[in-house]
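Shown next, in structure tokens, is the structure this report addresses.
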Amino acid sequence: MPENTVTTPLAPMEPEDVADAFAYIRAIHAADIDTACAIADDTGPELHRLLLDVAARVFIPVTAADDDNGEPCEHSFLAAALGRLMLELLCHSVCLAGPRGIADNITRFTENIFTEDHGDVADVLRQLEAAGMKQAMEAHSAHRTTA
């Protein structure tokens with residue numbers, strides 16, 4: 001069995017990047033195309049990178065979990081590979097690689113993995129955004145005090 005690779009912690013996003021990415025995801029989820037387009041126009045081509053960053057933060061922690069008393073097992077490797085594959089598809093697949101495809105996949109993943117009986121996806125997205133914003137604000141304030 002191959003050795004389990006340690007997932008490198010992701011560098012925190014900037015607070016405004018978290019806000020922009022999740023605003024777009026929520027707009028797509030709500031089928032508010034006008035708002036999604038406005039966010040995409042304001043953010044520009046950077047939106048693609050921001051959404052991939054959010055996708056990595058949503059997919060990787062879930063799929064990289066070792067759940068065999070803290071020890072890696074064969075399922076750990078499969079789950080981690082699945083998470084990496086999902087990100088690769090979002091990065092390189094023609095039909096999924098655009099902002100809309102990435103946002104839709106984050107929403108579907110959230111619905112299928114983080115909610116019970118396909119519950120309130122919007123609430124879970126708000127919780128994910130709050131967690132990302134907290135991390136970004138903590139990193140941002142730590143950076144300001146050391147600069």
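We did not get these values from a lab; they are worked out from the coordinates using the rules stated. These numbers come from a predicted model, not from an experiment. Using ideal geometry, Cβ is built from the backbone for each residue, glycine included, and neighbour counts are taken over all protein chains shown.
Across region 99-106, rounded Karplus estimates of 3J(HN,Hα) from the backbone phi angles (6.51 cos²θ - 1.76 cosθ + 1.60, θ = phi - 60°) give x, 4, x, 5, 4, 4, 5, 4 Hz, Gly and Pro being marked x.
Residues ARG126, ARG57 in ascending order of nearby Cβ atoms (within 10 Å, fewest first): ARG126, ARG57. Using the Cβ of ALA27 as centre and a radius below 15 Å, the other residues enclosed give a net charge of -4, where K and R count +1 and D and E count -1.
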